[in-house]
Amino acid sequence: MTRKLDPRTKVFLLIVINVVMMTGKISGVFFYVRLAMVAIPFIIMLKNRMYSGAGIYAAMYTYVFVLEGYTMVSMNRVLLTVILFTTGLVSRFLAGGMMAYIVMKTTTVSEFVTAMERMHVPKVIVIPFAVMFRFFPTIKEEWEDIRNAMKMRGIGAGSGSIMQKLEYVTVPMAMSVSKIADELSAASMTKCLSVKGKRTHIAKVGFSWQDLLFSAIAIAGLVMHIFYGGAITG
Amino acid sequence: MSKRLDVKDLINIGIYTAIHFLCIFIFAMLGFIPQIFVFAGVFEGFVGAIPIMIFLTKAKKPGMLTIMGILLGVITVIMGRPWQALIFAVVAGVISDIVWKLGNYKSPKAAVIVCGTMMLWMGGMGLPLFFSFRDNYLSSLEEGYGPDYVEVIKSLTPDWMFFVMIIIAVVGGLLGGLFAKRLLHKHFEKAGMTE
């Protein structure tokens, strides 16, 4: 039995959370549906020992839910809009964002590729997708490096037009990115990605009772959402 | 040069799709300000065009832009948009691929047009606001963001606005393409980064 959640389950959970949180209703029984969706990333975070993240996450959602509960009662209209807007933003995006973060943080590239190949997704889709997954944190690193370099040369927020600033950021970014691309493809050579034929995998990927449990919660939420929540299914 | 995609091409697709998506995503946040909600597409297109332009200097084989479209579509669906969004992205990819092929994978004019056509995938992002999805989405927004915000959004987005928003995004892409072309010429061709 594997201890970690299967990548397929994680991606499925991510989709369900986003669908329910972004477009679902809030009041009535749907509060509990949302609560279940919010709880999923929290539990996974605890499971993966990301305690501080889980704490902040829980605190923010408590705050948001309490405020949403209160402001349904009559209140100054302008204030209401401001509060609802901020809480609305947080409650809509935080769960999905957190789940996406968890997917990226806890899934190694080899696990992801293995899972996708089990689903018989063609290689031309799997490899770019895996690279993408891996690449978001790299972009952040590069971005910080470029910012530092700019600061060192005294190019701050105040100097230059917007166009110039765009140029200052994109050009070094493009340079380093194309170098990274070369390095990555050299690395993939050593992993024999370009060899034809069936590859074997060392990463253990499989479903366990945990996957079943989380998927059951997600499917229940999704069913509620589609049949009673007036979901946007077209 | 072989026409088959090798691993290097696939890695390039992944990387530039990631950057393109991130650029768009950051500027999509502008869309929460109702007054510039409609025009956010220009900024998204403009900035998003830069990675595409650089990607085009490396995309010399058929199918690469289609794969990029498929990836973008999958991300939009993962982000909770209706599955029809996938169609928009794939169509955007295929159209871009055809245009790029007609430009022999090197014509600068075709590159600028591709920057525009690629932005068609943004149609999928805005989809929940329109057509049969509209009422449910707005009512859910009303509970979430308050009635005032929804009033503004509602008045801004009759159904025809969907097409206007796509066109705006495409125009943004074209402008961004022109800007990126100049950038490319100034920095990359001189440095010998492009063939």
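The values are calculated or read from the model by the stated rules, or taken from the named source; none is laboratory data. On a predicted model such as this, the values are computed, not experimentally measured, just so you know. Ideal geometry is used to build each Cβ from the backbone, glycine not excepted, and the neighbour counts take in all protein chains shown. Keep in mind that these areas ignore ligands, DNA and RNA; they rest on the heavy atoms of the full protein, side chains included. Shrake-Rupley method; radii C 1.70, N 1.55, O 1.52, S 1.80 Å.
For the stretch B:1-59, what percent of Cα pairs sit more than 13 Å apart? Please report the intermediate quantities before stating the final value.
Working: 1083 of 1711 pairs.
More than 13 Å apart: 63 percent of the Cα pairs in the stretch B:1-59.
When the scattering of the protein assembly as shown is computed by the Debye formula from its Cα atoms alone, each counted once and equally, what is log10 I(q)/I(0) at q = 0.12, 0.14 Å⁻¹?
-1.09, -1.43
Using the per-residue mean of other Cβ atoms lying within 10 Å as a proxy for protection, in what order, highest first, do the peptides B:111-117, A:56-62 fall?
Working: B:111-117: 25.4, A:56-62: 15.0.
Order by mean packing, descending: B:111-117, A:56-62.
Give me the inter-chain shielding for B:21-28: mean count of other chain Cβ atoms within 10 Å, whole number please.
So the per-residue partner count for this stretch is 1.
Which entries of A:Lys151/B:Lys8; A:Lys105/B:Lys186; A:Lys10/B:Lys61; A:Lys191/B:Lys58; A:Lys105/B:Lys8; B:Lys8/B:Lys106 show an alpha-carbon separation above 27 angstrom in the structure shown? Walk me through the intermediate numbers first.
Values: A:Lys151/B:Lys8 34 Å; A:Lys105/B:Lys186 38 Å; A:Lys10/B:Lys61 33 Å; A:Lys191/B:Lys58 23 Å; A:Lys105/B:Lys8 25 Å; B:Lys8/B:Lys106 19 Å.
The answer is A:Lys151/B:Lys8; A:Lys105/B:Lys186; A:Lys10/B:Lys61.
If you take the accessible area of A alone plus B alone and subtract the pair, what total do you get in square angstrom, rounded to 100, with a 1.4 Å probe?
Interface between A and B: roughly 4800 Å².
Calculate the spin-label point distance for A:Ile180 paired with A:Tyr32, positioning each point 7 Å from the Cα along the beta-carbon direction, and give it in nanometres.
Here the modelled spin labels are 4.5 nm apart.
At q = 0.16, 0.30 Å⁻¹, what base-10 log of I(q)/I(0) does the Debye formula yield for the stretch B:49-101 when every alpha carbon is treated as an equal point scatterer in vacuo?
-0.45, -1.09
Against the longest principal axis of chain B, how steep is helix B:85-102, in degrees 0 to 90 to the nearest 10, with axes from Cα atoms?
30 degrees
Under a straight-distance cross-link criterion of Cα-Cα below 17 Å, which aspartates and glutamates are reachable from B:Lys109, leaving out those fewer than 8 residues away in the same chain?
B:Asp97, B:Glu189, B:Glu195
Would you tell me the mean number of C-beta atoms belonging to other protein chains that fall within 10 Å of each C-beta in A:131-137, as a whole number?
Average neighbour count from other chains, rounded to a whole number: 6.
Using the charge dipole of the protein assembly as shown (Lys, Arg: +1 at Cβ; Asp, Glu: -1 at Cβ; taken about the Cα centre), state which of A:Ala187, B:Ala92, B:Gly80 has its Cα farthest towards the positive end.
A:Ala187
Taking beta carbons within 10 Å but only from partner chains, what does the mean come to for residues A:138-151?
Mean shielding count: 1.
Among B:Phe37, A:Phe31, B:Gly103, whose Cα projects farthest towards the positive end of the dipole of the protein assembly as shown, with charges put on the beta-carbon of Lys, Arg (+1) and Asp, Glu (-1)?
Selected residue: B:Gly103.
With angles folded into 0 to 90 degrees, how steeply does helix B:64-78 sit against the dominant principal axis of chain B? Use alpha carbons for both and round to 10.
For helix B:64-78, the angle is close to 30 degrees.
Report the Rg/Rh value for the stretch B:7-191, based on alpha-carbon coordinates and the Kirkwood definition of Rh.
1.00
Assuming R0 = 30 Å, can you tell me the calculated FRET efficiency for the pair A:Ile219 and A:Ala187, based on Cβ-Cβ distance, to the nearest 0.05?
Between A:Ile219 and A:Ala187 the formula returns 0.20.
Provide the FRET efficiency to the nearest 0.05 for the B:Val164-B:Val94 pair, computing r from the beta carbons and using R0 = 35 Å.
The pair B:Val164/B:Val94 has a calculated efficiency of 0.90.
Mind listing P(r) for the stretch A:133-190? All alpha-carbon pairs, 10 Å bins, whole percents.
21, 45, 24, 9, 1
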